[in-house]
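None of the figures in this text is laboratory data; all of them are computed from the coordinates on show. This one's a predicted model, so the numbers in the text were calculated from it and none came from an experiment. Glycine also receives a Cβ, built like all others from the backbone with ideal geometry; neighbour counts cover every protein chain displayed.
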Amino acid sequence: MLETVNNNTSADWQYKEISISGYAGKDLKIKVTGIYNNGDFYLALDKISISVPPTCLAPLKLTESNITASSAELGWTEYGTANTYNVKYGIAGFNPATEGDSMVVNTTSYSLTNLEQNTVYDWYVQAACSASDASAWTGPKSFATDCGSASIPYFESFDAETAPALPRCMSEINANEDYQKWKTQSAYALSTPNAACILFNGSKPMNDWLFTQGLILGAGKTYELGFAYGSSENYQEKLAVHWGAEASVEGMTEVIFGNLETYGREWHTKAAILIPGTSGTYYIGFKGQSDADQYLLYVDDIYVVE
């Protein structure tokens, strides 16, 4: 037996190297045997290789933390003796051979700043064991910065998403705690391919909120909110629209439309004027409030303009 590797009791990957230099010149077959202990669950293996060990081991276990709209903390684990690293990052899909921003760091972490909000980035890290010896690059690892707040004009057609995903800068609250939530669907939309929709519950009335991204609005300025709503088939659907300073039920302090009703397979459009009393970030909330055992309520083509 070459070695016994014990479980580290965490749901994480472990990296292990075992020397087989003592078997040089011999035909070798390697068997891995999983040993179950009470309380264990799954055992997984990946990236098994037999090769001449590199003189400079590549970092592994790349992580991101403390992600904001403009910054992120990168981290990695060193498995050799390096204490200097090359880090390279850029917009997702960049070519690390010719593109990206790079830096040299002397710790196993690095803070990226001045990032663009609501943007997906790729990054790579390489150990530099000496001036003439570096590891292979590890990566790409991807992360997305937070959405931050959107400036006006604001448009959301849901058409850039792959149903049933909502736009990542929108949020929803399932206030009636059932199994139905807002999602996108391509079966019925004002602008194709998608609209947002919420499906009925057979025994509970809807109480489900869909919130826009935070919108930067100025005090005393006049803005127009517009949107389309509709229903599928011959069922009575009901929608309320509110706005406020927080994407939460409690934060929806101002009522724009208390109850909009729609029946049959037809789209309706609505517009309203918003004049905030103070400058700040505001959210528009769309509340599905149809009675129990109806069908589908739709919202599409939301806009806010000055």
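Of the chymotrypsin sites (Phe, Trp or Tyr not before Pro) found in segment 39-76, those that fall in a DSSP loop while having at most 12 other beta-carbon atoms within 10 Å are PHE41, TYR42.
For a quick check of your reading of the filter: which GluC sites (Glu not before Pro) in segment 87-165 sit in a DSSP loop and have no more than 12 other Cβ atoms within 10 Å? Could the numbers behind the result be given before it?
Working: sites: GLU99, GLU116, GLU156, GLU161; in loops: GLU99, GLU116, GLU161.
Filter output for segment 87-165: GLU99, GLU116.
Set the Förster radius R0 to 22 Å, insert the Cβ-Cβ distance between ALA165 and GLN117 as r into 1/(1 + (r/R0)^6), and round the FRET efficiency to 0.05.
Values: r = 19 Å, r/R0 = 0.87.
E between ALA165 and GLN117, to the nearest 0.05, is 0.70.
Checking the cross-link pairs LYS61/LYS181; LYS88/LYS183; LYS141/LYS181; LYS26/LYS47 against a 26 Å limit on the alpha carbon distance flags LYS61/LYS181; LYS88/LYS183; LYS141/LYS181 as lying beyond it. The slack in the chain from ALA69 to LYS16, taken as 0.36 nm per residue of separation less the alpha-carbon distance, amounts to 15.5 nm. On the beta carbon distance between LYS181 and ASN83, with R0 = 45 Å, the FRET formula returns roughly 0.40. A DSSP coil position with no more than 10 other Cβ atoms inside 10 Å describes the following chymotrypsin sites (Phe, Trp or Tyr not before Pro) in segment 151-238: TYR179.
For segment 55-61, backbone phi angles converted through the Karplus equation (6.51, -1.76, 1.60; θ = phi - 60°) give residue-by-residue couplings of 6, 9, 6, 6, x, 9, 6 Hz, Gly and Pro being listed as x. Could you please report the charge total around SER111, scoring K, R as +1 and D, E as -1 over all other residues with beta-carbon less than 13 angstrom from its beta-carbon? For residues surrounding SER111, the net value is -2.
Computed from the Cβ-Cβ distance with R0 of 35 Å, the FRET efficiency linking GLU246 to ALA92 stands at 0.70. From most to least packed by mean Cβ count within 10 Å, the peptides 292-305, 252-265 give 292-305, 252-265. Computed from these coordinates, which is Cα extents along the principal axes in Å: (1) 92, 35, 31; (2) 151, 71, 47; (3) 80, 45, 33? Read-out from the structure maps to (3).
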